[in-house]
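**Q** This structure is in structure tokens; I'll ask about it shortly.
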Amino acid sequence: MSEKSMLLKINFEKSCPSEKFFPPDEGVELAICGRSNSGKSSILNMLANQKKLAKTSNTPGRTQSINFFNVNEDTLKKLVDLPGYGYAKASKKMQKEWGQQITKYMASRKSLRGIILIMDVRRPLQESDLNFIAWCEQYNLPMQILLNKSDKLSKNKASQELMKCVEKTAHNLLLDSPMLLSAKTASGAEELSKKILDWMEII
Ligand SMILES: Nc1nc2c(ncn2[C@@H]2O[C@H](COP(=O)(O)OP(=O)(O)OP(=O)(O)O)[C@@H](O)[C@H]2O)c(=O)[nH]1
Ligand SMILES: [Mg+2]
């Protein structure tokens with residue numbers, strides 16, 4: 001398969017500024033989480049091989065609503081693009097709103113079965129990531145960590161970062177072994193799409 005072909009058929013379903021707009025809570029959902037600017041929306045676009053499925057930006061804080069996408073035309077299988085956390089310039093009010101919005105989603109959503117946590121391979125496991133991981137533990141959800149933007153480092157350096165991240169997270173039984181990814185080159189994308197489909201089948 002060529003690296004840039006479509007890996008998953010992904011259709012935009014709904015953009016929700018608050019929980020009253022959420023689609024029915026049924027089926028299986030995986031949420032894409034991570035610091036602002038880590039590449040969450042870009043990864044959705046890459047998986048679908050579409051440029052503008054999810055809005056991306058150089059300016060952190062681009063995604064401000066909770067956005068639902070259907071996978072492979074199955075309305076019971078969803079990927080959810082969440083607004084990023086840890087945006088240094090966000091006002092206290094914005095950070096509080098983020099917390100409330102995400103808490104409402106994570107705490108109430110029965111169909112949420114797993115977290116895909118995106119980090120920039122050049123800055124993995126920042127304090128806000130560690131806080132997020134610790135906070136997620138209460139929901140007992142499995143988590144897949146992806147070190148994105150691997151194209152920004154040499155192969156060697158990226159592998160070193162991966163090994164360090166694997167070692168630092170190995171004690172956490174809810175975390176699957178971290179993987180490298182580049183939303184730009186689609187390197188690692190097949191493994192990710194396989195993981196998403198496996199998760200959607202099994203859980
Ligand atoms: N080089 C490179 N750039 C990337 C990659 N993934 C994302 N980017 C760039 O990083 C910036 C942020 O990407 P987004 O996908 O908007 O990030 P996000 O995590 O959705 O950000 P928020 O919506 O603000 O939380 C954009 O300029 C992307 O083009 C990657 O794998 N490699
Ligand atoms: Mg985004």
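**Q** Scan (1) under 26 Å from CYS16 (Cβ atoms); (2) more than 16 Å from the chain's Cα centre (by Cα) for the single condition LYS155 breaks and write down its number.
**A** Just one mismatch for LYS155, condition (1).
**Q** Going by the conditions given, is LYS96 part of a helix (DSSP H, G or I) and more than 13 Å from ligand 1 (Cβ to nearest atom)?
**A** Details: part of a helix (DSSP H, G or I): yes; more than 13 Å from ligand 1 (Cβ to nearest atom): yes.
Against the criterion (part of a helix (DSSP H, G or I) and more than 13 Å from ligand 1 (Cβ to nearest atom)), LYS96 qualifies.
**Q** Pull out all pairs, ordered by first then second residue, where Cβ-Cβ is under 6 Å, the residues are six or more apart or on different chains, the first lies in the stretch 24-46 and is over 11 Å from LYS149 (Cα atoms), and the second is hydroxyl-bearing (Ser, Thr, Tyr) and near ligand 2 (Cβ under 9 Å from one of its atoms).
**A** What qualifies is SER41/THR56; SER41/THR63.
**Q** While we're looking at this one, here's another question. Under the condition of being away from ligand 1 (no atom under 13 Å from the Cβ) and acidic (Asp, Glu), which residue from the stretch 126-148 is farthest from LEU30 (Cα to Cα)? Explain how you work it out, then say what you get.
**A** Taking the stretch 126-148 as the starting set, the residues that turn out to be away from ligand 1 (no atom under 13 Å from the Cβ) are 126-127, 130-131, 133-145.
Now drop any that are not acidic (Asp, Glu), which leaves 127, 137.
Values: GLU127: 23, GLU137: 15 Å.
Looking at residues that are away from ligand 1 (no atom under 13 Å from the Cβ) and acidic (Asp, Glu), I get GLU127.
**Q** Is it fair to say LEU174 is touching a Pro at 6+ places or on another chain (Cβ under 7 Å) and surrounded by fewer than 17 Cβ atoms within 10 Å (Cβ to Cβ)?
**A** Numbers: touching a Pro at 6+ places or on another chain (Cβ under 7 Å): yes; surrounded by fewer than 17 Cβ atoms within 10 Å (Cβ to Cβ): yes.
For LEU174, the condition - touching a Pro at 6+ places or on another chain (Cβ under 7 Å) and surrounded by fewer than 17 Cβ atoms within 10 Å (Cβ to Cβ) - is met.
**Q** Consider the stretch 47-77. How many of its residues are within 16 Å of ligand 2 (Cβ to nearest atom), under 15 Å from the mean Cα position of the chain (by Cα) and either of a type in the set (Val, Ile, Thr) or in a strand (DSSP E or B) (or both)?
**A** 6
**Q** Specify the residue that is surrounded by the fewest Cβ atoms within 10 Å (Cβ to Cβ); the eligible residues are those in the stretch 139-160 that are away from ligand 2 (no atom under 16 Å from the Cβ) and either under 20 Å from PRO83 (Cβ atoms) or among the hydroxyl-bearing types (Ser, Thr, Tyr) (or both).
**A** Here is the first cut: in the stretch 139-160, the residues away from ligand 2 (no atom under 16 Å from the Cβ) are 139-145, 147, 150-160.
Those left that are additionally either under 20 Å from PRO83 (Cβ atoms) or among the hydroxyl-bearing types (Ser, Thr, Tyr) (or both): 139, 141, 143-145, 150, 154, 159.
Details: TYR139: 13, LEU141: 16, MET143: 21, GLN144: 20, ILE145: 24, SER150: 26, SER154: 9, SER159: 13.
That would be SER154.
One line per residue, one yes/no per condition, for (1) within 15 Å of ligand 1 (Cβ to nearest atom); (2) on the phi < 0 side of the Ramachandran plot; (3) basic (Lys, Arg):
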| position | (1), (2), (3) |
| --- | --- |
| LYS14 | no, yes, yes |
| PRO23 | no, yes, no |
| VAL28 | no, yes, no |
| SER41 | yes, yes, no |
| ASN45 | yes, yes, no |
| LEU53 | yes, yes, no |
| THR59 | yes, yes, no |
| VAL80 | yes, yes, no |
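**Q** Of all residues in the stretch 18-30 being out of contact with any strand residue (DSSP E or B) (no Cβ under 8 Å at 6 or more places or on another chain) and surrounded by fewer than 13 Cβ atoms within 10 Å (Cβ to Cβ), which is modelled with the lowest pLDDT?
**A** Selected residue: LYS20.
**Q** When you go through SER128, SER111 one by one, which is the residue that is of a type outside the set (D, E, K, R) and at pLDDT 95 or above? First the steps, then the outcome.
**A** Details: SER128 fails: at pLDDT 95 or above.
Result of the check over SER128, SER111: SER111.
**Q** Check LEU130, LEU173 and return the single one that is among the hydrophobic types (A, V, I, L, M, F, W, C), part of a loop (DSSP other than H, G, I, E, B) and away from ligand 2 (no atom under 16 Å from the Cβ). Spell out how you get there, then give the answer.
**A** Values: LEU130 fails: part of a loop (DSSP other than H, G, I, E, B).
None of the other options fit; the residue is LEU173.
**Q** Collect the residues in the stretch 44-53 that are touching a Leu at 6+ places or on another chain (Cβ under 7 Å) and either hydrophobic (A, V, I, L, M, F, W, C) or surrounded by 21 or more Cβ atoms within 10 Å (Cβ to Cβ) (or both), keeping them in residue-number order.
**A** Listed by number, the residues that qualify are LEU44, LEU47, ALA48, LEU53.
**Q** Starting from residues that are part of a loop (DSSP other than H, G, I, E, B) and not hydroxyl-bearing (Ser, Thr, Tyr), keep the ones in the stretch 102-127 and report whichever is surrounded by the fewest Cβ atoms within 10 Å (Cβ to Cβ). Spell out the reasoning first.
**A** The first filter runs over the stretch 102-127 and keeps only residues part of a loop (DSSP other than H, G, I, E, B), leaving 109-111, 121-126.
Next, only the ones that are not hydroxyl-bearing (Ser, Thr, Tyr) stay: 109-110, 121-126.
Values: ARG109: 17, LYS110: 9, VAL121: 24, ARG122: 14, ARG123: 14, PRO124: 20, LEU125: 17, GLN126: 14.
Only one residue tops the list, namely LYS110.
The values are calculated or read from the model by the stated rules, or taken from the named source; none is laboratory data. All values reported here derive from a predicted model rather than from experimental measurement. Cβ sites come from the backbone with ideal geometry, for glycine too, and all protein chains shown count toward neighbours.
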